[in-house]
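Below is one structure, written out as structure tokens, with a few remarks after it.
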Amino acid sequence: MKLIIDGRETVAHPNQTLLQIITEMGLINGKLSHDPIVAKIAGEVFTLNYVPTRKRRSKNDKPSLRKAIEASNGKVTLLRYQDPLGMDAYKRTAQFILFAAIKKLWPESEAQMNCTVGSGLYIKVTNAKDFSVKKLKAQIAKTVRKNVILKRKTVSTEEAIEFYRKQGQLDKARLLEYRTNKTFSMYHYGDFADYFYGEMAPSTGFLRVWDITPAPSGFMFIFPDSLNPDKLSHYKESPNFFNVYTEGKQWGELMKCKTVADLNEMVDNGHIRTLIQVNEALHEKRFSQIADAICQRGAKIAMLAGPSSSGKTTSANRLATQLRVHGKNPILMSLDDYYLDRDKIAPGPDGTIDLEHINTIDTDLFAKHLAQLLAGEEVELPTFNFKIERREWLGHKLKLDESTVIIVEGLHALNPVLLPKDADANSIVKIYVSPLLALNLDNHNRIPSSYLRLLRRTVRDYETRNSSVQKTLSMWDSVRRGEERWIFPFQEQADFIFNSSTLYEVCILKRHIFPLLNKVEPCDDCYDEVRSMVKFLNFIHEADVDDEIPPTSLVREFIGGNTFYLK
């Protein structure tokens with residue numbers, strides 16, 4: 001059977017794995033920056049242990065082609081750490097190995113996935129007597145040296161539930177009770193078995209670059225650098241970010257909604273309405289606290305930033321409402337109005353304009369205007385016309401008085417180059433908004449904040465911008481790269497970090513997004529990403545309780561019905 005692997009033609013013999021084939025082709029050299037981790041075939045991601053063609057059953061039979069190989073006409077694309085899907089597979093492999101190590105060293109312990117902090121993944125460990133990072137690192141290193149093949153076994157869902165019950169992993173057993181499929185896949189390593197809802201590297205030896213550092217009640221697992229995978233990424237502690245996420249976890253525990261199984265129970269018994277009410281009350285309380293702090297400080301300008309679909313617009317409006325309670329006159333400004341004219345922006349090496357780059361903003365003019373406003377001067381503000389892609393001057397003038405507070409919203413709002421050099425520190429507050437979701441699928445599988453934002457954005461773009469799922473997903477990697485460069489490095493410098501997630505929203509978003517995902521065809525480039533989203537959403541019960549969600553809720557920014565947009 002002829003295959004075309006990364007554009008190179010080769011021959012696959014019956015029962016050969018992809019790993020064996022690419023090794024013969026000289027595509028494995030032991031470096032993470034070079035070696036493939038998984039493969040993409042006919043829109044789906046496969047392990048390198050995948051066998052493209054099966055051995056004939058008898059002498060008269062021809063070798064049988066696997067369905068994906070047949071559908072792709074033998075074309076195989078190898079994915080490395082630099083590819084988002086390759087990086088995901090590497091991280092799943094790391095999670096499997098570290099949880100297996102914890103189970104072996106501390107059988108009675110409970111390890112729980114929490115949050116990512118920069119390049120680190122925080123794991124909380126309880127009931128582990130004499131827990132030691134040194135012992136854990138040694139056990140992981142031993143497993144990596146063994147280079148054990150990671151094979152997946154498919155069992156009935158009932159068997160999987162019974163297995164996890166006996167192992168004491170009741171969180172996973174409860175989750176699988178909501179699974180509609182009759183079968184379930186598990187990776188095994190000795191007595192340990194787990195699954196991370198996607199493909200992994202072919203063997204433990206592929207975990208080549210990693211480290212562990214102590215953290216409160218657990219540890220941080222450090223991943224490779226995304227640009228140079230052969231080196232460990234630079235991990236920097238982010239105590240403010242970490243504390244806000246931890247607070248979200250505590251609220252989840254108080255509301256008895258730590259996992260998707262907990263959420264499903266609330267949907268089934270009607271307690272979801274109470275969860276919505278409490279979540280919205282918590283948000284309102286936090287906006288009130290931030291407004292109180294702004295007024296106590298006497299600040300005149302609030303710089304509000306956050307990644308895509310974090311709820312910046314609604315957050316700015318709700319903060320404005322709370323400032324009005326204090327008798328303030330809040331004025332909303334957008335950094336978008338300080339875009340340079342498109343013909344004045346130099347394209348990048350590929351000939352395109354990166355609209356998320358700081359150089360697309362007239363930073364000097366913005367800083368000058370802030371300085372003038374803080375000095376009591378009147379300033380004429382620009383308006384960017386997106387139709388003609390040019391800045392206009394429409395006579396919109398602004399001068400601060402005793403009651404005025406300007407709320408500036410934008411991607412780069414926390415970037416220090418936008419602030420006047422000699423401004424009084426108390427006159428400007430910095431706010432970072434991000435949905436730091438504290439809800440797990442189970443103890444070993446978290447729901448990343450970026451995943452929640454993607455669900456939000458997909459629904460919003462379809463509902464309000466007539467954008468297809470395919471278009472939204474095609475832009476997502478570029479959006480993420482911009483966030484990593486222009487937002488995340490400044491988040492820890494914020495005076496306030498607002499957690500814009502709600503524990504209930506995934507069961508709301510499912511009802512809006514599921515019909516859209518089911519329309520995506522296998523021939524679409526985003527098919528594997530969509531399949532991953534569907535797998536995740538299959539565990540979640542839909543909740544038809546939109547009537548309980550207030551018109552000023554952050555969730556309304558994405559599903560519609562947000563009254564701030566009626567102005």
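Calculate, for region 407-484, the solvent-accessible area per residue in square angstrom, rolling a 1.4 angstrom probe over the heavy atoms of the protein chains.
Values: 2860 Å² over 78 residues.
Value for region 407-484: 37 Å² per residue.
Enter the angle in degrees (range 0 to 90, nearest 10) between the Cα long axis of helix 469-486 and the first principal axis of the Cα atoms of the chain, meaning the one along which they spread out most.
The angle comes out at about 70 degrees.
Please work out whether region 368-514 counts as rounded, prolate or oblate from its C-alpha gyration tensor, where a ≥ b ≥ c are the square roots of the eigenvalues and a/c under 1.5 means rounded, while otherwise a/b larger than b/c means prolate and anything else oblate?
Working: a/c = 2.44, a/b = 1.63, b/c = 1.50.
Because a/c hits 1.5 or more and a/b exceeds b/c, region 368-514 counts as prolate.
Pick out, from Leu27, Leu121, Ala12, the residue whose Cα sits farthest towards the positive end of the charge dipole of region 1-156, with +1 on the Cβ of Lys and Arg and -1 on the Cβ of Asp and Glu.
Ala12
Could you compute the net charge surrounding Gly311? Neighbours are other residues with a C-beta less than 14 Å from the C-beta of Gly311; K and R count +1, D and E count -1. Each step should come with its number before you reach the end.
Values: positive: Arg286, Lys312, Arg318, Arg453, Arg456, Arg457, Arg460, Arg556; negative: Glu280, Glu284, Glu409, Glu505, Glu557.
That works out to +3.
Whenever you get a sec, compute what percent of the accessible area on region 408-517 sits on carbon and sulfur atoms (1.4 Å probe). Please report the intermediate quantities before stating the final value.
Working: 1810 of 3810 Å².
C and S fraction of accessible area: 48 percent.
How large, in percent, is the carbon and sulfur part of the accessible surface of region 181-229 at a probe radius of 1.4 Å? List each step's numbers first, then the result.
Working: 880 of 1710 Å².
Answer for region 181-229: carbon and sulfur cover 51 percent of the accessible area.
Whose amide H sits under 5 Å from the amide H of Leu340, counting only residues 5 or more places off or on another chain, with H placed in the peptide plane?
Ile361, Asp362
Rounding to the nearest 10 and keeping the result within 0 to 90°, find how far the Cα-based axis of helix 449-465 lies from the longest principal axis of the chain.
Rounded to the nearest ten degrees, it is 70.
Accessible area per residue, 1.4 Å probe, Å², for region 250-372: what's the number?
44 Å²
Using only the alpha-carbon atoms of region 1-155 as identical scatterers, what base-10 log of I(q)/I(0) does the Debye formula give at q = 0.09, 0.12, 0.17, 0.21 Å⁻¹?
Relative scattering, expressed as log10 I(q)/I(0), comes to -0.40, -0.66, -1.04, -1.35.
Each residue of region 385-400 in order: what ³J(HN,Hα) in whole Hz does its phi give by Karplus 6.51 cos²θ - 1.76 cosθ + 1.60, θ = phi - 60°, with x for Gly and Pro?
Here the 3J(HN,Hα) series is 8, 6, 6, 9, 6, 9, 7, 10, 10, 10, x, 7, 10, 9, 9, 6 Hz.
Assigning unit charges at the beta carbon (Lys, Arg +1; Asp, Glu -1) and nothing else, what dipole magnitude in debye, to the nearest 20, does the chain show about its Cα centre? Intermediate results must be reported in sequence, preceding the final value.
On the way: 77 positive and 71 negative charges, 481 e Å.
For the chain, the charge dipole is close to 2320 debye.
Quick check: pseudo-label points 7 Å beyond the Cα along Cα→Cβ at Ser132 and Phe514, how many nm apart are they?
Roughly 4.9 nm, to one decimal.
Would you tally the net charge around Ala128, using a Cβ to Cβ cut-off of less than 14 Å, leaving Ala128 out, and scoring K and R as +1, D and E as -1?
Spelling it out: positives minus negatives among the neighbours equals +3.
Out of residues 5 or more away from Gly218 or on other chains, whose amide H comes under 5 Å of its own, with H placed 1.01 Å from N in the peptide plane?
Val125
Picking from Ala293, Thr259, Tyr90, whose Cα lies most toward the positive end of the charge dipole for the chain (charges on Cβ: Lys, Arg +1; Asp, Glu -1)?
Checked the options; the winner is Tyr90.
How many Å² of accessible area per residue for region 521-567, probe 1.4 Å? Please list the in-between numbers first.
Details: 2200 Å² over 47 residues.
Per-residue accessible area for region 521-567 comes out at 47 Å².
Classify region 237-285: rounded, prolate or oblate, from the alpha-carbon gyration tensor (a ≥ b ≥ c, eigenvalue square roots; a/c under 1.5 rounded; otherwise prolate if a/b is larger than b/c)?
In terms of gyration-tensor shape, oblate.
Using only Cα atoms, tell me the angle between helix 505-517 and the longest principal axis of the chain; keep it within 0 to 90° and round to the nearest 10.
70 degrees
Heavy atoms only, probe 1.4 Å: what % of the accessible area of region 1-104 goes to carbon and sulfur, would you let me know? Kindly include the intermediate steps, with their values, before the conclusion.
Values: 2420 of 5140 Å².
Here it works out to 47 percent.
Compute the distance in nm between two label points, each set 7 Å from the Cα along the Cα-to-Cβ direction, one at Glu380 and one at Asp336.
Distance between label points: 2.3 nm.
Read phi for every residue in region 216-223 and hand back ³J(HN,Hα) as whole Hz from Karplus 6.51 cos²θ - 1.76 cosθ + 1.60, θ = phi - 60°, with x for Gly and Pro.
x, 6, x, 7, 10, 9, 9, 9
Net charge near Asn243: determine it from the other residues with C-beta under 12 Å of the C-beta of Asn243, scoring Lys and Arg +1 and Asp and Glu -1.
Numbers: positive: Lys249; negative: Glu237, Glu247, Glu492.
After counting each charged neighbour, the total is -2.
Which value, in debye to the nearest 20, gives the size of the charge dipole of region 1-108 about its Cα centre, when Lys and Arg are +1 and Asp and Glu are -1 at the Cβ?
Working: 18 positive and 10 negative charges, 94 e Å.
Charge dipole, region 1-108, about its Cα centre: 460 debye, nearest 20.
Please list, in order along region 99-114, the HN-Hα scalar couplings obtained from phi with the Karplus expression 6.51 cos²θ - 1.76 cosθ + 1.60 (θ = phi - 60°), rounded to whole Hz, x for Gly and Pro.
Once θ is set to phi - 60°, the couplings for region 99-114 become 5, 5, 5, 4, 5, 6, 7, 9, x, 8, 7, 10, 10, 10, 5, 10 Hz.
What dipole magnitude, in Debye to the nearest 20, does region 489-567 give about its Cα centre under +1 on Lys/Arg Cβ and -1 on Asp/Glu Cβ?
Details: 7 positive and 14 negative charges, 28 e Å.
So the dipole magnitude of region 489-567 works out to roughly 140 debye.
The values are calculated or read from the model by the stated rules, or taken from the named source; none is laboratory data. Quick caveat: nothing in here was measured; it's all calculated off a predicted structure. No Cβ is skipped: glycine too gets one built from the backbone with ideal geometry, and neighbour counts run over all protein chains shown. The area values use the complete protein model at the heavy-atom level, side chains included, leaving out ligands, DNA and RNA. Shrake-Rupley method; radii C 1.70, N 1.55, O 1.52, S 1.80 Å.
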